[in-house]
1. If you check every pair at least six apart or on different chains, which have Cβ atoms under 7 Å apart with a residue in the stretch 186-212 that is surrounded by fewer than 17 Cβ atoms within 10 Å (Cβ to Cβ) first and a residue that is among the hydroxyl-bearing types (Ser, Thr, Tyr) and modelled with pLDDT under 95 second?
2. Only one residue in 171, 197 is hydrophobic (A, V, I, L, M, F, W, C), closer than 15 Å to residue 90 by Cα and in contact with a strand residue (DSSP E or B) (Cβ under 6 Å, 6 or more places away or on another chain). Which one?
3. Which of the residues belonging to the stretch 111-133 are within 18 Å of residue 173 (Cβ to Cβ) and assigned to a strand (DSSP E or B)?
4. For the subset of the stretch 226-240 comprising residues that are touching a residue at least 40 places away in the same chain (Cβ under 8 Å) and farther than 16 Å from residue 284 by Cβ, which member is nearest to the chain's Cα centre (by Cα)?
5. Please state which of the following conditions residue 396 fails to meet, knowing it meets all the rest: (1) modelled with pLDDT of 90 or more; (2) within 40 Å of the chain's Cα centre (by Cα).
6. Could you name every one of the helices (runs of 4 or more DSSP H) located completely within the stretch 139-256 that has at least 3 residues being modelled with pLDDT under 95 and under 30 Å from residue 320 (Cβ atoms)?
Amino acid sequence: MRRLVLLLCTGLTCCTAAGSAPPAAEAALLREDATLAELLEARREHVPAAKAQVKFNLRSSPDTEEDGCTLAVGHRKRLEDCKFNATAKTFFIIHGWTMSGMFETWLGSLVSALQKREKDANVVVVDWLSLAHQLYTDAVNNTQIVGKSIARLLDWLQENPLFQLENVHLIGYSLGAHVAGFAGNHVHGTIGRITAIGEVVKCEHERSVHLFVDSLVNQDKQSFAFQCTDSSRFKKGICLSCRKNRCSGIGYNARKTRNKRNSKMYLKTRADMPFKVYHFQMKMHVFSYKSLGEADPTFSVTLHGTNGDSEPLSLEMLDQIGLNATNTFLVYTEKDMGELLKIKLTWEGTSQSWYDLWKELKSYWYRPVKSSQELHIRRIRVKSGETQQRFAFCVEDSQLTNISPGKELWFVKCTGEWQKRSISNSL
């Protein structure tokens, strides 16, 4: 009979090394009259946790060296020991593919930001490092395994009527976003929110994660993104509308919309946190010109507001200046200007690349020696992306509307009927 018991254990991989199982487990494994059900139960309860491929660590600290308190399906007492709050929000942070086999630095920052923003919430780190530290193609194949593991845990947690799936928020980075999607497909019910965080561009690894962290910790400096068909239109300042849900806070502050189509959202950011900047659309109408030739003028504007002055802000020239037409530009400031009072427009001259120097020389050869470059501008219309307010600025001295290289023009808010007519025409 003992031989039969040992054979069963070998087939079930429940043989244990000396000292690796508690005495009760050893007794169950060695009893001659042990049933198959008892052997299975002994194996389930006493397999070392380190062998699990996916671990769910309830974190009380952002320290990445600290595992936290591990949750496991079927272990209800563990929920009590880990102080899991069934009625609170529950966040699952899901990392992506890893070359090092270790957590990346952003994870601790995200854990800390969530704990500060949602003080009563459960923050669970999904540790699938052993499955993610593989060849990339193998890690991709493992994402469905991890997603199903999350779904099983959520299904088990739902056995407690106090636990609501609508309070669950999955946050997946890179391949972790795929994991979150699979979890949403396999769970019984609808998860409250799933956030997929990807790389902004290849050379900006982790940038998107830090934008999400910024949205959590800097509530008073919420960044806005604007819907646009392509980046060139956004760079011209064409896409700063918030009508029909065309703008939204980013990251944790993003709002739900009913738009079923995928849409591209754009924004400018600072180099470091807080990332928020203030976007402005500027429309500059050029009424006439003199000897512009083929040279492309380089303009900058300086904004003067109730909260101070901006640095000179370059007007990016994506097209040639349209003559007797309205030219649109995007400018942005790193600080809140308050109410705009004045605008200084400066013609810096042509940029000094060899190509531009050649165009300038060629333009000079083919025009009379005494001619000079000159534009006539009477007004600039401004729209704030963040406040959606519109203003018209007229040249300060109506007798001086011309600007040439090295010169500047000052604009102040238009008054009376001019202001009303300009704003109504821009709506």
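1. Listed by first residue and then by second, the contacts come to 198/174; 198/208; 199/174; 199/208; 200/208.
2. 171
3. Those that are within 18 Å of residue 173 (Cβ to Cβ) and assigned to a strand (DSSP E or B): 123, 124, 125, 126, 127.
4. Top of the filtered list is 226.
5. (2)
6. Answer list for the stretch 139-256: 231-235.
The values are calculated or read from the model by the stated rules, or taken from the named source; none is laboratory data. Treat the numbers as computed from the prediction; the structure is a model and nothing was measured. Cβ coordinates were reconstructed from backbone atoms using ideal geometry, including for glycine residues, and neighbour counts include every protein chain displayed.
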